[in-house]
Amino acid sequence: MIKKTLILITIFLLSFILSSCDNDIKFTEEAVIIQTDNYQMTGMLTLPNGIKENLPAVVLIGGSGPTDMNSSVGELEPFKDIAYGLAKKGIASIRFNKRTLQYQSELVTDYNFTPQDEYIDDALSAIHLLWDDERIDNENIFLIGHSQGGQFAPVIANQTDKLKGIVVMAGTTSHILDLLMEQILTNYGQTQYNEYLPYYEAVIDIQAPDTSKYNYAYFGAYYNYWLEYNIIDFEAELLECGQNHSILVMQGGKDIQVYPKYYERYQELLPYSTEYLVSHVLYPKLNHMFVDGGNETIYTAYSKKANVDQNVIDTLADSIFGIWPD
């Protein structure tokens, strides 16, 4: 029996030249394939023009749900903005369609699909692709995770020795369904909260394999997905990551999906590092997608075309070049 589902609120080599309307600065994009086992995710490698070697680089990891390589939502394409903005500053990047987008029809009946499949393995494949590219500085590869991608960024970093640091954008160390239930209560009220409460409680109780429930789905994922998710201690993963990686945490003050208190938890867990850099930056006027969030509601958010704030791009670039915010 399939339980009632709810989509989480969130959210070959081909080269060609793209020209920016900003002073006609040019950069190059190369279509790439992120290969993990038999899965092939379409991706894009964005490179600054005129630099042929020792490029710092980032891998961009999207949030919950079947997001595309641009992390598109409504009229916004934040990952494209970040990729283009970083390229103009001399930093390469890879962004790619999530497996849940590219293989959506196949995964509908994959009862053993887990967070390792959704986030970790494909991110590691993208990191390896950068690592093997002779143009990339292997000592300067970062991972940027947004929303649930930010939650998984430390977990990914702890499974590879090929990252210098991570950036958590609008992330949380809490259970994703704790956040979701708070969103439901805040935006839709007690009645709808009560409607989903039994399914939330069922997921939280998943702690052991149960072959009789393999095809039960809760909040858009099957039993075995939540079994693996519930085992992950995201706070412990963050602390472990902070032992040997630089960490930048970024948050929008107008975020109506991931609230500032989740950002404050990162500050509590990692107030500073004596050996590696840790920094936290709050943008009071920006939303979940790091564009101006003034006067928006859950019904109007992301409905107007806008770009990621330039201050965010600048902070990302400075951090990758070792100039960290105070």
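What is the residue count in the range 131-182 for residues that are part of a strand (DSSP E or B), out of contact with any helix residue (DSSP H, G or I) (no Cβ under 6 Å at 6 or more places or on another chain) and farther than 16 Å from Ile120 by Cβ? Full working, then the answer.
Filtering the range 131-182 for residues part of a strand (DSSP E or B) gives 136-146, 165-169.
Filter once more, so that each one left must be out of contact with any helix residue (DSSP H, G or I) (no Cβ under 6 Å at 6 or more places or on another chain): 137, 139-140, 144, 146, 165, 167.
Still in the list and also farther than 16 Å from Ile120 by Cβ: 137, 139-140, 165, 167.
Of the residues in that region, 5 qualify.
Taking the conditions exactly as written (in a helix (DSSP H, G or I) and either touching a His at 6+ places or on another chain (Cβ under 8 Å) or closer than 23 Å to Tyr222 by Cβ (or both)), does Asp117 satisfy them or not?
Taking the combined requirement at face value, the residue satisfies it.
Looking only at the range 50-65, which residues are over 10 Å from the mean Cα position of the chain (by Cα) and not hydrophobic (A, V, I, L, M, F, W, C)? Break it down stepwise before answering.
Residues of the range 50-65 over 10 Å from the mean Cα position of the chain (by Cα): 50-58, 65.
Hits for the range 50-65 are Gly50, Lys52, Glu53, Asn54, Pro56, Gly65.
Going through Asp68, Asp132 one at a time, which residue ends up being within 17 Å of the chain's Cα centre (by Cα) and of a type in the set (Asp, Glu)?
When all the criteria are applied, what remains is Asp68.
Which of the numbered conditions does Phe142 fail, given that it passes all the others? Conditions: (1) under 22 Å from Gly242 (Cα atoms); (2) out of contact with any Leu (no Cβ under 9 Å at 6 or more places or on another chain); (3) of a type outside the set (A, V, I, L, M); (4) surrounded by 22 or more Cβ atoms within 10 Å (Cβ to Cβ).
Of everything listed in (1) under 22 Å from Gly242 (Cα atoms); (2) out of contact with any Leu (no Cβ under 9 Å at 6 or more places or on another chain); (3) of a type outside the set (A, V, I, L, M); (4) surrounded by 22 or more Cβ atoms within 10 Å (Cβ to Cβ), Phe142 misses just condition (2).
Filter the range 173-209 down to residues that are modelled with pLDDT of 95 or more and more than 22 Å from Tyr222 (Cα to Cα) and give me whichever is surrounded by the most Cβ atoms within 10 Å (Cβ to Cβ).
Residue satisfying both the conditions and the ranking: Leu185.
Among the numbered conditions (1) over 24 Å from Pro154 (Cα atoms); (2) in contact with a Gly (Cβ under 6 Å, 6 or more places away or on another chain), tell me where Ser71 comes up short.
(1)
Here's a check for you: in the range 31-66, which residue that is of a type outside the set (Gly, Ala, Ser) and not in a strand (DSSP E or B) is surrounded by the fewest Cβ atoms within 10 Å (Cβ to Cβ)?
That would be Asn38.
Checking the structure you have, find out if any residue of the range 221-233 is of a type in the set (A, V, I, L, M, F, W, C), in a strand (DSSP E or B), on the phi < 0 side of the Ramachandran plot and more than 17 Å from the chain's Cα centre (by Cα).
The answer is yes; a qualifying residue exists.
The values are calculated or read from the model by the stated rules, or taken from the named source; none is laboratory data. In this text, all values refer to a predicted model and were calculated from it rather than measured experimentally. All Cβ positions, even for glycine, are placed from backbone atoms using ideal geometry, and neighbour counts span all protein chains on display.
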